[in-house]
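Asker: Shown below is the structure under consideration.
Since every read-out is calculated from the coordinates, none of them should be taken as a lab result. All of these numbers come straight from a predicted model, not from anything done at the bench. Here the Cβ positions follow ideal geometry from the backbone for every residue, glycine too, while neighbour counts run over all protein chains shown.
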Amino acid sequence: MPAQSPKQDRSERVAIISAVKTPLGFFVLVVLVLEAVLGAIALQTAGQNQLVAMYGMLAVVGALIAIVAFFAYSSPTALLHSEENACSSAAQPLLDFSRRICGHWWEYIRPDEPSALSFVEIHPDAAAGTVKMKGTAYNREGEPVALWESLASCINLSERKVFYYWKGWHPARPGEPYEGFGEISFHQSPAMIDSGVGFFSDTNLTNMQSTTRKSVEFRRAMEPEIQAVRHGANTAIAEMVRRKLA
């Protein structure tokens, strides 16, 4: 077998070191190095020294097994800290923001015809790392006039904004689907995020010239209001909506 040049030898060492991306990989590399050193000693010696080298090889393997078993029991993710986990750590602020804005909101709509107020639920979309939204819109008399939900959304964390694409429909006119794009800018608060402003576009898909742009204000709903919408009678919900729009 021809001897390798110093340049080739350095390149191989750089490649091996670059391949080590996790603590587990580092432990394996150390064991391989020690095994090579002890193996060379065992081949070049005899008698008692050879036995010591062989026992040393077994001791190194046993130590690696003990270290891996300890971490696997106490902190499994520590052994596999890699670029994937680093990405997960970087995404943590995004997940935290998503959790902070989740819950139930009142969305005040201007201009307010036909919908004047929406009761909106925001909940996390773990698969996409963002949020989903759905809402029921009411007119000024407190009557439900539309249902809508987001189909896709994204978050600008630095500006605390949510961009979303939505679709909706009026139960009284099921043959007229609506859709549009929206943007919400949430206000920062030390304790919790409880308000925001934004806008959305509203297009009747049966009349593409009908697109309008509406400004909105978001205020977080209180627990009694949430329970009233979930379990209250239509008359009670209507009265609550009229009071909030008064």
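Asker: Add +1 for every Lys or Arg and -1 for every Asp or Glu among the other residues with Cβ under 10 Å from the Cβ of residue 245, and state the total.
Answerer: Taking every other residue near residue 245 into account, the sum is +2.
Asker: Further question: Based on the alpha-carbon gyration tensor of the range 96-245 and its eigenvalue square roots a ≥ b ≥ c, which shape applies: rounded if a/c is under 1.5, prolate if not and a/b is larger than b/c, or oblate?
Answerer: oblate
Asker: Enumerate the amide H contacts of residue 176 below 5 Å, restricted to partners 5 or more residues apart or on another chain; note that Pro and chain-start residues carry no placed amide H.
Answerer: Close amide H contacts, sequence-distant or interchain: 170.
Asker: If you don't mind, there's one more thing I want to ask. Taking K and R as +1 and D and E as -1, what net charge do the other residues with C-beta under 11 Å from the C-beta of residue 213 add up to?
Answerer: 0
Asker: Any idea what the dipole of the range 203-242 comes to, in debye rounded to 20, about its Cα centre with Lys/Arg Cβ at +1 and Asp/Glu Cβ at -1?
Answerer: 180 debye
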